[in-house]
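Trainee: My questions all concern the structure below.
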Amino acid sequence: MAVLVTRPHPDDATTAASLRGRGYEVLQAPALRFEPVAFHDDMDARYSAVIVTSASAVRSIEHHLKGHRLLELPLFAVGQHTADAARSAGFTHVISASGDAAGLRDLVRARVKAKELKKASTLLYLAGADLARDLAGELGESGLRVVTQTTYRMVPVGSLPREVRDAFAANRIEAVLHYSRRSARAFLDAARADGVEISALSIVQCCISAAVASVVREAGATQVVVAVTPDEDALFEALERALRA
């Protein structure tokens, strides 16, 4: 029996390797496809810090960053995975939040309250084309100015790989891992289009957050488990608990 990983490439490969190291059979079906967006660098802008809610936002402009002044700024990352991507891209002062956008917002606000970041600072938000929440607006309410720069988009794939469709037909998949609301919706749409929605919803759905879980529950899934914290280690623990039950 296999666990299905739906997160986009290249993160799907890292997750698959981690699962195989834990003894799982793994299938991969990225529900979203990464597409970079042209980076428009405003050389006259003076930012106090950078905020990032996805590792993809950093990877999409990494080739622009060598020797760039942005690398000298503090970077606030949504979680450890994104923080690691930022360090790999050359940022040296990286501060990680707890794994979700609300935690990132609170982290930045705390730095303002501690006077480590000026209240009237201008922040550069490296973001995807589709945002789950208005992080810029929420920080704006605290007096910060946030300039949002879209650096990538994630496009639904529309169909599952044949290997995965065949595995659903043969009842060889026992759990699906979901990392975002958008990828969960895209996976469900692809499963519906491929005629395997019933099989896909009848198995364990492991979700990285309650918000993600709401998507699969609304679609009709009944075996839904949620990570205690929004990170991959907690998601793997939720998977192990669900499969032992």
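No lab work stands behind these numbers, since they all come straight from the coordinates. Bear in mind the structure is a predicted one, so any value in this text is a computation, not a measurement. Cβ coordinates were reconstructed from backbone atoms using ideal geometry, including for glycine residues, and neighbour counts include every protein chain displayed.
Trainee: Any idea how far the Cα center of the range 135-197 sits from the one of the range 1-58, in Å?
Mentor: Each part reduced to its Cα centre gives a spacing of 11 Å.
Trainee: With N set to the residue count of the range 136-238, report its C-alpha Rg divided by 2.2 N^0.38 Å to two decimal places.
Mentor: 1.28
Trainee: Then there is this: Where both residues lie in the chain, what percent of DSSP beta bridges are antiparallel, nearest 5?
Mentor: 15 percent
Trainee: A further question on this structure: Please compute the length gained on full extension between residue 122 and residue 228, using 0.36 nm multiplied by the number of residues separating them and subtracting their Cα-Cα distance.
Mentor: The span from residue 122 to residue 228 would gain 34.8 nm if fully extended.
Trainee: For n ≥ 4 DSSP H runs only, could you compute -39500 (n - 2.57) per run for the chain, divide by its residues and tell me the 222 nm figure to the nearest 500?
Mentor: Calculated from helices alone, the mean residue ellipticity at 222 nm is -11000 deg cm²/dmol.
Trainee: To the nearest 10 degrees, how steep is helix 11-21 against the longest Cα principal axis of the chain, on a 0 to 90 scale?
Mentor: 50 degrees
Trainee: If every alpha-carbon in the range 197-245 counts as one equal scatterer, what log10 I(q)/I(0) does Debye give at q = 0.16, 0.20 1/Å?
Mentor: -0.39, -0.60
Trainee: Where does the range 77-127 land on Rg(C-alpha)/(2.2 N^0.38 Å)?
Mentor: Ratio of Cα Rg to 2.2 N^0.38 Å: 1.14.
Trainee: Hey, another quick one. 5 Å is the cut-off here: which amide hydrogens, built 1.01 Å from N in the peptide plane, fall below it relative to residue 173, excluding neighbours closer than 5 in sequence?
Mentor: 2
Trainee: Mind listing the Cα extents of the range 1-131 along all three principal axes, in Å, largest one first?
Mentor: 54, 32, 26
Trainee: For the range 212-229, just list the computed ³J(HN,Hα) in residue order, Karplus coefficients 6.51, -1.76 and 1.60, θ = phi - 60°, integers in Hz, with x standing in for Gly and Pro.
Mentor: 5, 4, 4, 5, 6, 5, 4, 7, x, 5, 10, 9, 10, 10, 10, 4, 5, 10
Trainee: A further question follows. Along the range 104-120, what does the Karplus equation 6.51 cos²θ - 1.76 cosθ + 1.60 (θ = phi - 60°) give for ³J(HN,Hα), rounded to whole Hz, x for Gly and Pro?
Mentor: 5, 4, 5, 5, 5, 4, 5, 5, 5, 4, 7, 6, 8, 9, 5, 4, 9
Trainee: Here is a further query. Which value, in debye to the nearest 20, gives the size of the charge dipole of the range 105-159 about its Cα centre, when Lys and Arg are +1 and Asp and Glu are -1 at the Cβ?
Mentor: Approximately 320 debye in magnitude.
Trainee: Please compute the length gained on full extension between residue 134 and residue 102, using 0.36 nm multiplied by the number of residues separating them and subtracting their Cα-Cα distance.
Mentor: Stretched fully, the residue 134-residue 102 segment lengthens by 10.5 nm.
Trainee: Rounded to the nearest 0.05, what FRET efficiency do residue 159 and residue 87 give with R0 = 35 Å and r taken as the Cβ-Cβ distance? Could you check?
Mentor: With a Förster radius of 35 Å, E is 0.50.
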